[in-house]
Amino acid sequence: MKENKKMSLTIKILLGLILGIVFGIIANAAFDKSVNESIIKWMLGPIGAIFLRGIKMLVVPLVLCSLIAGTASVGDVKKLGRVGIRTLVYYTLTTAVAITLAIILASVIKPGTGGTGLLSNVGEFKAAEAPFIMDVFVNMIPTNPIKSLVEGEMLQIITFSILFGIAATMIGKPVEPVINIVKQINEVLLKIIGIVMAFAPAGVFALISKVIMIQGADVLVKLLKYGVTIILVLALQAIVVYGLALKFIGRVNPIKFFKKFWPVMVVAFSTSSSNATIPVNLETCEEKLGVPNSIASFTIPLGATINMDGTAIMQGVATVFIAQVYGLPLTINQLMMVVITATLASIGTAGVPGVGLITLSMVLQQVGLPVEGISLVLGIDRILDMIRTAVNVTGDAAATVIMSNLENELDLDVYNDFKEVELEKVS
Ligand code: ASP
């Protein structure tokens, strides 16, 4: 009964998405600007914001509690180190694969050639300061963990929580009550996710229709080849690369993964934020995919912060695209540089909307392309951000399943259980 109810929620989320797209397209074509602005101001804006704030509200407390509880329950510091290193290597490798695919496909499809007159779109674009890589490591250590919590500094929160969990493990019995309280708070937070997600269909509807009403379909047409190239590589990464990794490294059925995971992709798509998707991603990994909290609580928030394969794909295609529009062909050396910097840039990209475009300036600068080229792709980026965020979070969850099975800790009964789907078919 409960399962059936849950399934109908995922269908409702999908309906919210489809109706939102249809409504956005109709409103954009049929109403004039002021009517659309009023609809956004009085209805879609507030509904979308309430949903977004509802899930964002849970990110910091959930990462803190879930990670402390998770680390403490590993009970073995060595194992934590092993999972940590494997995860980091896996995250880096999949990102490098993603960007290599992006460069190859963009070089073959050539979205930026053909005299489209796109250069007239070039405007001012302020370059972001590329973070110095050593600073990224230094800044992982908080000087004041309370400040990190208040400001939502993900890497600092992750470092502090892991240390807390490790220290608690080392002390053992005397501090068990503290860990139990953290675990109980974690339970309550997971319950709140359930409450907030009941609001997801309306939230998803509002967020997607607002984007389409503002952007219209014409940007899509103008930058069709660029957008299609990115979407193609994103699909390849999500279906083929993750599918093969799940099958051959994780030794699980990839189709089952996608069947259970797609509602999380819808949330990532409509919020354009890996961070905001952490709570639902954690819940799905633990409850539907059979991953233990001790692994998911580490790999999901870490992945949302540093593993951005979708973003790396956009940066690879965008770099080749901009080089083509400007007629500045890239050498093999420059392309290798793109792979390295885009991998680093995606690590440095925060899991919030639109940041990937800002860190793109770091990649362009590195290979000596004009940073103003970013304004060529600005118009369509809002929509592509949604799709690449869905891929970003899928990469995190696939890694989580794989790491769990490598540790022989994946609950295969839960992973392979299809009761929900069968129930839906019957009803
Ligand atoms: N919106 C993306 C994310 O949160 C980051 C980006 O590419 O802008 O995953």
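The values are calculated or read from the model by the stated rules, or taken from the named source; none is laboratory data. Since the model is a prediction, treat every value here as computed from it, not as a measurement. Don't worry about glycine lacking a Cβ; one is built from the backbone with ideal geometry, like all the others, and counts go over all protein chains shown.
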query: Any residue in segment 354-371 that is at pLDDT below 90, away from the ligand (no atom under 14 Å from the Cβ) and either under 21 Å from the mean Cα position of the chain (by Cα) or among the β-branched types (Val, Ile, Thr) (or both)?
result: yes
- request: State whether the residues of segment 129-139 include one that is aromatic (Phe, Trp, Tyr), modelled with pLDDT under 85 and either part of a helix (DSSP H, G or I) or within 21 Å of the chain's Cα centre (by Cα) (or both).
  value: yes
message: Taking the condition of being in contact with a helix residue (DSSP H, G or I) (Cβ under 8 Å, 6 or more places away or on another chain) and more than 19 Å from Thr311 (Cβ to Cβ), how many residues in segment 81-93 meet it?
response: 3
query: Which residues, taken from segment 266-279, are surrounded by 24 or more Cβ atoms within 10 Å (Cβ to Cβ) and within 19 Å of Gly194 (Cβ to Cβ)?
result: Val267, Ala268, Ser270, Thr271, Ala276, Thr277, Ile278, Pro279
message: Need pairs with beta-carbon distance below 7 Å; first residue over 13 Å from Gly395 (Cα atoms) and away from the ligand (no atom under 12 Å from the Cβ) and within segment 260-280, second among the basic types (Lys, Arg) and part of a loop (DSSP other than H, G, I, E, B); sequence gap 6+ or separate chains.
response: Lys260/Lys288
- prompt: Quick one: what pairs do we get from segment 340-362, first residue closer than 15 Å to Ala96 by Cβ and of a type in the set (A, V, I, L, M, F, W, C), second within 11 Å of the ligand (Cβ to nearest atom) and outside any helix (DSSP H, G or I), C-beta under 8 Å, 6+ apart or different chains?
  reply: Ile347/Asn307; Ile347/Met308
task: Select, from Lys12, Lys78, Lys41, the only residue that is of a type in the set (D, E, K, R) and in contact with a helix residue (DSSP H, G or I) (Cβ under 6 Å, 6 or more places away or on another chain).
output: Lys12
statement: Gly351 vs (1) of a type in the set (Gly, Ala, Ser); (2) within 27 Å of Phe298 (Cα to Cα); (3) more than 13 Å from the ligand (Cβ to nearest atom): all pass except (3)
message: Quick check on my filter: what residues within segment 172-193 are exposed (fewer than 14 other Cβ atoms within 10 Å of the Cβ) and assigned to a helix (DSSP H, G or I)?
response: Lys173, Pro174, Glu176, Pro177, Asn180, Ile181, Gln184, Glu187, Val188, Lys191
query: Of the numbered conditions (1) under 30 Å from Leu80 (Cβ atoms); (2) within 11 Å of the ligand (Cβ to nearest atom), Asp413 satisfies every one except a single condition; which is it?
result: (2)
